[in-house]
Amino acid sequence: MSGRLNLAFDWRAMGFNAYLPLLMLLLCVLSGLYFSTGKFLPMMEAVAPAFAAWWSIFLFQDLLEEPGGETLFSYPLSRFQLGIKRVLFWGAVYLVCLLASLALVDSQIQESITSSLFLQFGTQSVFFAGLGFLSVVLLRNCGWSLVVLVVYSCTQIFTKGKLFPFFNVYLFNDRVLPVTDLLGRSVATFSAGVLLLILGQILLQRFTRFNS
């Protein structure tokens, strides 16, 4: 293996898990075309940002679950390349797909939604990508990392963010908000996501063996 990432290999290695975020975005598009904005927004906020964590977790499935996965650390790839660089690349791919999904819905309805919802869901997606990365590095298990995401999402959604108000990134809006109203909250959510990504990379740098 060369010192560069093999992104096509990452895609193949994730198997069916590589396609699931795209399928969920497709379902979001269909719901946006079928339902009113008041119903579409809560559904998409519950689904689209959370699935930004999916690739952040399953990028590390080989390291965690395949025999000899830890030998990847002996290849001429830095921990930066193995960790946050891959997470950032696939996170950017997810954001592009999210933007395309919103633009498609926007083109078929009367209301302009792309700029506002991309700011809202995009920054939330950065947070979840960071949460997925940190959880998989901490727990070293894809299944338990998914449990963290499900518990966080469900508790926040069912309690409307009241259980952990200081860690809540959901807005629970049923209408498209002006971009100016979103800026402050979005900056905070984006900053939290960046912090989680940095913490995940710091922990990854310190491991001598990634899997146990």
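Given a Förster distance of 45 Å, report the FRET efficiency between residue 202 and residue 107 from their Cβ-Cβ distance, rounded to the nearest 0.05.
0.60
Between residue 163 and residue 43, what FRET efficiency follows from the Cβ-Cβ distance if R0 is 35 Å, with the result rounded to 0.05?
That gives a FRET efficiency of 0.95.
Identify which of 16, 118, 172 has the largest mean-square fluctuation in a Gaussian network model of the chain, with springs joining Cα atoms closer than 10 Å.
Greatest mean-square fluctuation among the candidates belongs to 16.
Specify the inter-centroid distance of the stretch 1-56 and the stretch 133-212, based on alpha-carbon positions, in whole Å.
16 Å
Over every pair of different alpha-carbon atoms in the chain, take the mean of 1/r and invert it; report that Kirkwood radius in Å.
17.7 Å
In terms of solvent-accessible area of protein heavy atoms at a 1.4 angstrom probe, what is the ranking of 190, 207, highest value first?
Descending accessible area places them as 190, 207.
What trypsin sites (Lys or Arg not before Pro) does the stretch 1-60 have in DSSP loop regions with at most 15 other beta carbons within 10 Å?
Qualifying residues, ordered by number: 4.
Do the sum for the chain: with -39,500 (n - 2.57) for every DSSP H run of n ≥ 4, divided by all residues, what is the mean residue ellipticity at 222 nm, to the nearest 500 deg cm²/dmol?
Calculated at 222 nm, the ellipticity per residue is -22000 deg cm²/dmol.
Which residue, 137, 126, 147, tops the fluctuation ranking in a GNM of the chain built on C-alpha contacts under 10 Å?
Ranking 137, 126, 147 by mean-square fluctuation puts 147 first.
How many nm separate the modelled label positions at residue 99 and residue 33, each set 7 Å beyond the Cα in the direction of the Cβ?
2.2 nm
Among 17, 173, 141, which one shows the highest mean-square fluctuation when the chain is modelled as a Gaussian network with alpha-carbon springs under 10 Å?
173
Note the angle between two axes, namely the Cα long axis of helix 179-206 and the longest principal axis of the Cα atoms of the chain, as a number of degrees from 0 to 90, rounded to the nearest 10.
10 degrees
The values are calculated or read from the model by the stated rules, or taken from the named source; none is laboratory data. Just so you know, these numbers come straight off a predicted model, no measurement behind them. Cβ: placed from backbone, ideal geometry, glycine included. Neighbour counts: every protein chain shown. When the accessible area is computed, the model is the full protein with side chains, heavy atoms only, and any ligands, DNA or RNA have been set aside. Shrake-Rupley method; radii C 1.70, N 1.55, O 1.52, S 1.80 Å.
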